[in-house]
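Below is one structure, written out as structure tokens, with a few remarks after it.
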Amino acid sequence: MAVCARLCGVGPSRGCRRRQQRRGPAETAAADSEPDTDPEEERIEAGAAALSGALGGRGAGPQPPPRCSLLELPPELLVEIFASLPGTDLPSLAQVCTKFRRILHTDTIWRRRCREVLHRYRHILGLWQPDIGPYGGLLNVVVDGLFIIGWMYLPPHDPHVDDPMRFKPLFRVHLMERKSATVECMYGHRGPHNGHIQIVKKDEFSTKCNQTDHHRMSGGRQEEFRTWLREEWGRTLEDIFHEHMQELILMKFIYTSQYDNCLTYRRIYLPPGRPDDLIRPGLFKGTYGSHGLEIVMLSFHGTRARGTKITGDPNIPAGQQTVEIDLMRRIQLPDVESLRNFNELSRIVLEVREQVRQEQQQQEDGLGGGEGRGQQSPREPQRGPAQPSVEPPPEKVGEPGDGEAAGAAAPAPEQPAQSGQGQPFVLPVGVSSRNEDYPRTCRMCFYGTGLIAGHGFTSPERTPGVFILFDEDRFGFIWLELKSFSLYSRVQATFRNAEAPSPQAFEEMLKNIQSLTS
């Protein structure tokens, strides 16, 4: 609030005309209960009395003027009155008396003042997804002191999925007192420089750098690439021995560096939660093979859960639904030794997949399809060979790491997801994982599908897999066809102004970001 006060000219340097000396609690309480005798207050009361006397003089005979003082109004009413005044009048009002000064420290008044100061940029506060081709991103715009700052959030370095998120400023709006706001680009390593923000509409805005020379380094593109690689991956290119991964990293640098001078952002919301959700929905960091760590939004929709990519890659771009979980098709894992057998797991999962296919066929033929099971089933296209132009294990088809593989299991009777006892878990032999430090105990497993595709999001296909719930903050997905395992860990960062105004608004947002890359 002190910052807000400085915006409108009230601060430590603007004192009340009647300075209070240091007093004990009892003296302070007694002074606060006494009528204020500040000269300015006396002038206010005298003016009010004179006005009452003038009006009373028109009646039948002289009457004593009634005592009328603003100080006698309830504090709640004074807050409403003061909040309606122009911000330029508040500094003078704070100097009238001690009571006025105390009331002007009410947050409600300064929130309104801040909205006036920030009115031009109020629509950009919140959570956004930058339009960087298939890569996407996560931006949170917040008020921080005398600035509005756009923080880009980045996953930790691969494969440390449990590490905290990284973040860096992309731009800031400097709110200079009695001056128009100044937009500064924060990209690069040479400090803030001139930028521009254009608000396209309520849920979309763009930023532009007016001094892109500040983004360049003296060593040229090679130095820029080495610096970017250390920040993005925490290593040098020589440390990355996999040739396919090197190609993906170089491709991402070349592509994303084209957006260092102009970016468009579209609003996104955090998923709303319900008491009966399997776990609390939200953002998770997930391992995706050679593509590194990516950010996925887990949301619940009745008897299904969906993982939507907030950041993506050339195979499965940001905005697409990477996994879908059928919460009505629970899988019970066998003992650990049987779980190590990938063929046994594959048999069980494919049996569930066949049940889904048959129920969908029955529903299409108008023959029923089970009691509500067919209508809850995910879309299941024809199984085909792995897409070309993808690497062999551990970084496979479509999106390396978006593969499948799960522990052996047997379908349980249909029932909504309920919390269960922990059970031992181990990856089947032959299933690759970027992070070997995965939990060895899980709560429950469900049948699901994962989206894979060739480079450029060609020939996308939903393939069967197993969703493994480890705890409130971690889950995994085994991509059966890719024989690959993805581990997801909750993003613990707090994002302001990110709640959806309604469940319908959240659903509409999901459709919009998916349509941009379809």
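The values are calculated or read from the model by the stated rules, or taken from the named source; none is laboratory data. Note that the structure is predicted; figures quoted are calculated from it, not measured. Positions of Cβ are generated from backbone atoms using ideal geometry, with glycine treated the same way; all protein chains shown enter the neighbour counts. What goes into the accessible areas is simple: the full protein's heavy atoms, side chains included, and nothing from ligands, DNA or RNA. Shrake-Rupley method; radii C 1.70, N 1.55, O 1.52, S 1.80 Å.
Just a few scattered comments:
- Subset of region 289-325 [on the phi > 0 side of the Ramachandran plot and either surrounded by fewer than 23 Cβ atoms within 10 Å (Cβ to Cβ) or among the β-branched types (Val, Ile, Thr) (or both)]: GLY302
- Evaluating GLN246 against the criteria (1) more than 23 Å from GLY307 (Cβ to Cβ); (2) open to solvent by 70 Å² or more (accessible area, probe 1.4 Å); (3) without any contact (Cβ under 8 Å) to a residue 24 or more places away in the chain leaves one unmet condition, (2).
- Of all the residues in region 304-333, those that are among the polar types (S, T, N, Q) and either part of a loop (DSSP other than H, G, I, E, B) or touching a Cys at 6+ places or on another chain (Cβ under 8 Å) (or both) number 3.
- Residue in region 496-507 that is open to solvent by less than 20 Å² (accessible area, probe 1.4 Å) and in contact with a Ser or Thr (Cβ under 9 Å, 6 or more places away or on another chain) present: yes
- Subset of region 424-441 [within 27 Å of the chain's Cα centre (by Cα) and not in a loop (DSSP other than H, G, I, E, B)]: SER433
- Single unsatisfied condition, THR207 versus (1) open to solvent by less than 60 Å² (accessible area, probe 1.4 Å); (2) of a type in the set (Ser, Thr, Tyr); (3) part of a helix (DSSP H, G or I): (3)
- Test: residue in region 65-85 that is among the basic types (Lys, Arg) and modelled with pLDDT of 75 or more: no
- ALA493 being closer than 16 Å to PHE300 by Cα, of a type outside the set (D, E, K, R), open to solvent by 10 Å² or more (accessible area, probe 1.4 Å) and not in a strand (DSSP E or B): no
Each row is one residue, and each column tells you yes or no for (1) at pLDDT 95 or above; (2) in a loop (DSSP other than H, G, I, E, B); (3) β-branched (Val, Ile, Thr); (4) under 21 Å from the mean Cα position of the chain (by Cα).
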site	(1), (2), (3), (4)
ILE109	no, no, yes, no
GLN129	yes, no, no, yes
HIS157	no, yes, no, yes
HIS189	no, yes, no, no
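- Residues of region 458-474 classified as under 11 Å from ILE279 (Cβ atoms) and surrounded by fewer than 18 Cβ atoms within 10 Å (Cβ to Cβ), total: 3
- The set of residues in region 334-353 being open to solvent by 30 Å² or more (accessible area, probe 1.4 Å), part of a helix (DSSP H, G or I) and of a type outside the set (Ser, Thr, Tyr) consists of VAL336, GLU337, ASN343, GLU344, ARG347, LEU350, GLU351, ARG353.
- When we screen SER489, SER502, SER518 for residues that are closer than 30 Å to GLY150 by Cβ, among the polar types (S, T, N, Q) and modelled with pLDDT of 95 or more, the only hit is SER489.
- Apart from one condition, GLU508 fits all of (1) assigned to a helix (DSSP H, G or I); (2) in contact (Cβ under 8 Å) with a residue 12 or more places away in the chain; the exception is (2).
- Test result for PHE477, within 26 Å of the chain's Cα centre (by Cα), within 21 Å of PRO317 (Cβ to Cβ), among the aromatic types (Phe, Trp, Tyr) and open to solvent by less than 40 Å² (accessible area, probe 1.4 Å): yes
- SER218 meets the stated requirement of being open to solvent by 60 Å² or more (accessible area, probe 1.4 Å) and of a type in the set (Ser, Thr, Tyr).
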